[in-house]
Amino acid sequence: MNKAAKIGLAGTCTALVVVGGIGAYNVVHALTTGSAGDARTKAARTFDPSAVSSTPPTDAEAVKLARAFLDDWSKQHLGDAAGDTDLPDAASQALRGYANGLHVKKLSSDHIRSAGSSTATPGATKVTFDVTAQVAGGTWSYPSAVAVRKSTDGVLAVHWNNSVLYPGLGDGQSLTAGRLPADASTVKVVADDGKTELSTFASLRDITATIRKNAKPTGGTPGTGVAVIDGTGAGVRTLKVFSKGRAAVVRTTIDAPLQSVAETAVKDAHLQGKPAGTVALDLRTGHILAIAHTGADGDIAINGIKSPGSTMKIVTSAALFDQAGLTPDSPAPCTDSLMANSQSFHNDPGVRADPGSTIAQAFTVSCNTSFIKDGFHHLVHDGDASALHDEAVNVFGMGSWSIGGGVATTDPSIPPDAQGGDQAAQFIGQGKVTATPLFMASVAATVRNAGFEQPVILPGQHQEAASRPISARTAGYLQSMMRSVATSGTAAPRLGGLAGVGAKTGTAEEGDHTNGWLTAYDSRIAVAALVEGGRSGVDSAGYVVRHLLTGE
């Protein structure tokens, strides 16, 4: 270049500075450093997170940076926007995920204003704003906020975390728009009528939530809108609905009318507010028709693991018939008390001694000493007291059940290695023997159905089988004996006069109180109830069972 040309260029540049003022400065600045956004990116990347000033930025400073950040975000200058944060790399990736996940067509922010010092981010100033986004399926608006920090050398930065994208958005979560993903909260869990939602029943709310999370729904059509998803793409929650879909459904075995009766039954005034739990089963299929409970310690209907008292005499009688060859007419002397393995046992009040009693008669009046004497004599051999356990497992299906939908139930227990006084106590449902209303309802169902059907709450759920079916002989014996209990025995005050009903009462000692039990069946269902603190089975659980058998 010749000398004249050099002078001319110099003159031109001088003229630009003089005439253009600040505008000329910006042109020169752009020529040397790139765009204004690039300048902010460079500055933001010098932000030192380990040297944050304890003095928040002024309102004006915070709003200015937030406005610049939001402007770049709206224009989809995502690299520049990320450069305004204290974590540029993470911010860049998240901002691109936001744009791609929502299929953003247009984005804008307004009402940008300072909200003073941030309570969530120490040393930061909070700036609030509203976002309007045109995304797949429609337009979505929401309020949001960022925290602006300052380093000790005066560099400002938007403090980055996922909630910058949307308030409360957690780590590992992202946003999606368009067809809404499957969201557990939109699944309906219904009774066997296909329409009554289980969540309408107080006793089934926890069960409903569990099934909703774990069971596979059918049917339904997705709606469109905006949702939060997790790292696997599963729906976490829906934020905006553009068009409603039809909820998918999980159909259960619950009988809605009977469940309504059960809800009322466990609150019967005769119980005086004592915790109660009940279960009703379909005799033929094992389908759970109703589960209801009261009390503050969870669902005692399926998890209230207690000594079942004399209701266990059903299983004891079956073991005497199957393993010792006895019959209902076999002797079973009923004495006031009895010693077994150095432990004294007695009968409940009102049970009169009868040295000529049979098993059937002892069962009808629920004589403890009769069953301890026969059980200890015929079913304990050389210290081996596993016969009752074996009967419960092999014939009545005792074990670890999965009723479906991830619903947890507590397994009953009859230890196969009972020792000392427990070898005798087990035959009257005491000692270390435990059960739930769910299991005792199944015991009654096995007797009436002449075969075990594992209880389930989802149709089609796998049902474990008992290793051998109850014999027709034993089932017939037990049906006759349970019928006598209902018509003229310990259950008669509540169940007498009801057609085709068989039953067994139970009263179990627990610490300084007793628990009342009753299990029964009619031609369609089997029911069991437990009342904690019930003074007897018939005068506590009996009221609950009667409601279910009469449907009233």
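Observations on the structure shown:
- Selected residue (criterion: farthest from the chain's Cα centre (by Cα)) from residues of region 390-424 that are modelled with pLDDT of 95 or more and of a type in the set (A, V, I, L, M): Val395
- So Gly431, is it free of Cβ contacts under 8 Å to residues at least 24 places away in the same chain and either in a loop (DSSP other than H, G, I, E, B) or buried (at least 17 other Cβ atoms within 10 Å of the Cβ) (or both): no
- Exactly one residue out of Ala408, Ala425, Ala418 is part of a helix (DSSP H, G or I) and of a type in the set (A, V, I, L, M, F, W, C), and it is Ala425.
- Answer residue from region 524-552, given it is among the hydroxyl-bearing types (Ser, Thr, Tyr) and in contact (Cβ under 8 Å) with a residue 60 or more places away in the chain and is surrounded by the fewest Cβ atoms within 10 Å (Cβ to Cβ) among those: Tyr543
- Residue count, region 244-289 (criterion: within 20 Å of the chain's Cα centre (by Cα) and of a type in the set (Lys, Arg)): 1
- Matching residues in region 178-198 - criterion: being crowded, with 19+ Cβ neighbours inside 10 Å, assigned to a loop (DSSP other than H, G, I, E, B) and modelled with pLDDT under 95: Leu180, Asp183, Val187
For (1) surrounded by fewer than 22 Cβ atoms within 10 Å (Cβ to Cβ); (2) more than 34 Å from the chain's Cα centre (by Cα); (3) on the phi < 0 side of the Ramachandran plot, each residue gets a yes or a no:
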residue	(1), (2), (3)
Ser114	yes, yes, yes
Thr128	yes, yes, yes
Gln134	yes, yes, yes
Tyr142	yes, no, yes
Ala147	no, yes, yes
Gly154	yes, yes, no
Leu169	yes, no, yes
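- Looking only at region 89-104, and only at residues there that are touching a residue at least 60 places away in the same chain (Cβ under 8 Å) and under 18 Å from Gly172 (Cα atoms), the one that is surrounded by the most Cβ atoms within 10 Å (Cβ to Cβ): Ala91
- Within region 81-98, being under 20 Å from Asp130 (Cα atoms), touching a helix residue (DSSP H, G or I) at 6+ places or on another chain (Cβ under 7 Å) and in a helix (DSSP H, G or I) holds for Ala81, Ala82, Ala91, Ala94, Leu95, Arg96.
- Pairs with Cβ under 9 Å, 6+ apart, first in region 357-373 and not assigned by TED's automatic domain parsing to the domain that holds Ala319, second among the aromatic types (Phe, Trp, Tyr) and modelled with pLDDT of 95 or more: none
- Any hit, region 105-113, residues being over 18 Å from Gly172 (Cα atoms) and among the hydrophobic types (A, V, I, L, M, F, W, C): yes
- Meets criteria (closer than 13 Å to Leu165 by Cα, in contact with a strand residue (DSSP E or B) (Cβ under 6 Å, 6 or more places away or on another chain), crowded, with 18+ Cβ neighbours inside 10 Å and among the hydrophobic types (A, V, I, L, M, F, W, C)) for Leu107: yes
- Residue in region 258-267 that is farther than 30 Å from Thr514 by Cβ, of a type in the set (Gly, Ala, Ser) and not assigned by TED's automatic domain parsing to the domain that holds Ala120 present: no
- With respect to the stated conditions, Val393 fails to be in a loop (DSSP other than H, G, I, E, B) and either of a type in the set (A, V, I, L, M, F, W, C) or crowded, with 22+ Cβ neighbours inside 10 Å (or both).
- For Pro455, the criteria (1) of a type outside the set (Phe, Trp, Tyr); (2) surrounded by fewer than 20 Cβ atoms within 10 Å (Cβ to Cβ); (3) closer than 20 Å to Ile211 by Cβ hold in every case but one, which is (2).
- Test: residue in region 221-233 that is buried (at least 18 other Cβ atoms within 10 Å of the Cβ), assigned to a loop (DSSP other than H, G, I, E, B), more than 23 Å from the chain's Cα centre (by Cα) and not assigned by TED's automatic domain parsing to the domain that holds Gln463: yes
- Only residues that are within 30 Å of Thr224 (Cβ to Cβ) and either within 41 Å of the chain's Cα centre (by Cα) or loosely packed, with under 15 Cβ neighbours inside 10 Å (or both) were counted across region 77-88, and they come to 1.
- Counted residues, region 210-224 - those being modelled with pLDDT of 95 or more and either out of contact with any strand residue (DSSP E or B) (no Cβ under 6 Å at 6 or more places or on another chain) or on the phi > 0 side of the Ramachandran plot (or both): 1
- Selection within region 105-142 - touching a residue at least 12 places away in the same chain (Cβ under 8 Å), among the β-branched types (Val, Ile, Thr) and over 17 Å from Gln76 (Cα atoms): Ile112, Thr121, Thr125, Val127, Thr128
- Any hit, region 434-451, residues being crowded, with 24+ Cβ neighbours inside 10 Å, assigned to a loop (DSSP other than H, G, I, E, B) and in contact with a helix residue (DSSP H, G or I) (Cβ under 7 Å, 6 or more places away or on another chain): yes
- Checking each residue in region 182-241 for being farther than 29 Å from Tyr142 by Cβ and of a type in the set (Ser, Thr, Tyr) picks out Thr196, Thr200, Ser203, Thr208, Thr210, Thr218.
- With a requirement of 3 or more residues that are of a type outside the set (Val, Ile, Thr) and crowded, with 21+ Cβ neighbours inside 10 Å, the helices (runs of 4 or more DSSP H) lying completely within region 252-368 that satisfy it span 256-265, 313-324.
- Restricting the first member to region 491-505 and to residues that are in contact (Cβ under 8 Å) with a residue 60 or more places away in the chain, and the second to residues that are basic (Lys, Arg), the beta-carbon pairs closer than 8 Å and six or more apart or on different chains are Lys504/Lys313.
- Residue count for region 199-220 satisfying the condition of being among the aliphatic types (A, V, I, L, M), under 14 Å from Ala290 (Cβ atoms) and surrounded by fewer than 19 Cβ atoms within 10 Å (Cβ to Cβ): 1.
The values are calculated or read from the model by the stated rules, or taken from the named source; none is laboratory data. Quick caveat, the model's predicted, so the values are computed rather than measured. No Cβ is skipped: glycine too gets one built from the backbone with ideal geometry, and neighbour counts run over all protein chains shown.
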